[in-house]
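What follows is a single structure, written as structure tokens, with notes after it.
The values are calculated or read from the model by the stated rules, or taken from the named source; none is laboratory data. Since the model is a prediction, treat every value here as computed from it, not as a measurement. Quick reminder, even Gly has a Cβ in these numbers, built from the backbone with ideal geometry, and neighbours come from all protein chains shown. Note: areas computed on protein heavy atoms with side chains; ligands, DNA, RNA excluded. Shrake-Rupley method; radii C 1.70, N 1.55, O 1.52, S 1.80 Å.
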Amino acid sequence: MTAHHLRIATRGSQLALWQANWVADRLRELGATVELVEVVTAGDRDQRDPVLEMNQQGVFTKEIQAAVLNGDADLAVHSLKDLPTATAEGLLLAAVPAREVCFDVLITRQASSLADLPSGAKVGTGSLRRQAQLQALRDDLQIIGIRGNVDTRLRKLASGDYDAIILAAAGLKRLELTANIVEELSPPRMLPAPGQGALGIECHREAQEVLKLVSQLEHPPTRAAVDAERLMLALLHAGCSAPVGAWGRTEQGELKLDGLVASLDGKHVLRASASGPSSTAMQIGRQVAEALLAQGAQEIIEQARSV
């Protein structure tokens, strides 16, 4: 294949750069030369307000997508959980590489597990999904908002602002920080965000040569799982910040999807599941969404938005 020179748009955080460099290395193995284009997003500029209060979709992705659309970059690398389910006009989700572990983890110096945290312990998370599920598991904990990159959150924990924090295992593994993990909060106890642990590579839908190259990084089992998760999220009209969890995976040759919607106080937790061939990923996502809606998911999501 003819060599390509590709520019990758990415956020400038340590984790985002790791992810972009990982993609860059895979593309170099395919014969391309690659450079990174760092982009500052709305979510990066505002490190104080909760993401939910920014009142917009794509706070970590919109400017990166604009760089591709404007011709300043050839492709964008996203944490897929941050990417809105509605495709930006002119762009295409060209590849989803093999997923890292998707579960959440507990980090604390106060206890050996979530169950052992003292009553009233201050647990930091910026995610309504994590908040709702934590409250369902331990309604005696104080759930407090937290912003910042992985290293920033770890520093806030070390300084005593929090007794514990919840983070995605994938980011800690990629940054070689797994020594901080105290307990894995793996499904079905806590469901991850749709797309958590996966990367999304976007490029211009007319850039055929770029598409041809990037598509070689596609991992079909991961793509089927996240397609089901993201369609479920889209049909719930929930957005990336809502108290919605999804866990898609291949087991015994079948695609399985568990979905969850929970009230922020953890008192109402709705669950639904479906399975089938990977080729029916969209049907599976729709089936789980419809089952959750039939249980009253929309009301819970609207209540969370109004808080």
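Quick look at the values:
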item: Computed [θ] at 222 nm, deg cm²/dmol, the chain (DSSP H ≥ 4; -39,500 (n - 2.57); rounded to nearest 500); result: -9500 deg cm²/dmol
item: Intensity falloff of region 33-190 expressed as log10 I(q)/I(0), Debye formula with alpha-carbon point scatterers, at q = 0.11, 0.14 Å⁻¹; result: -0.51, -0.80
item: Partner lysines for LYS122 [C-alpha distance under 17 Å; skip if fewer than 8 residues away on the same chain]; result: LYS156
item: Mean Cα-pair separation over length for the chain, i.e. relative contact order, pairs under 8 Å, 6 or more apart, %; result: 20
item: Simple spin-label estimate for GLU251 and ALA111 in nanometres, 7 Å along Cα-Cβ; result: 2.7
item: Volume in Å³ per residue [convex hull over Cα atoms, computed for region 135-279]; result: 158
item: Excluding exposed DSSP-loop GluC sites (Glu not before Pro) (at most 10 other C-beta within 10 Å), longest clean stretch of the chain; result: 207-307
item: Distant alpha-carbon pairs in the chain (separation over 30 angstrom), percent; result: 31
item: Most mobile listed residue (GLN252, GLN216, GLN295) in the chain, GNM with C-alpha springs under 10 Å; result: GLN252
item: Exposed-site-free run, longest, the chain (rule: trypsin sites (Lys or Arg not before Pro); DSSP loop; at most 12 other C-beta within 10 Å); result: 110-266
item: Percent accessible area from carbon and sulfur atoms, the chain, protein chains only, probe 1.4 Å; result: 47
item: Set of lysines with alpha-carbon distance to LYS212 below 30 Å, sequence-local pairs under 8 removed; result: LYS62, LYS81, LYS173, LYS256
item: Solvent exposure of the chain as accessible area per residue, Å², 1.4 Å probe; result: 44
item: Cα-centre dipole for the chain with unit charges at Cβ (Lys and Arg positive, Asp and Glu negative), debye to 20; result: 300
item: Most fluctuating residue given options MET190, MET282, MET232, as computed from a GNM of the chain linking Cα atoms under 10 Å; result: MET282
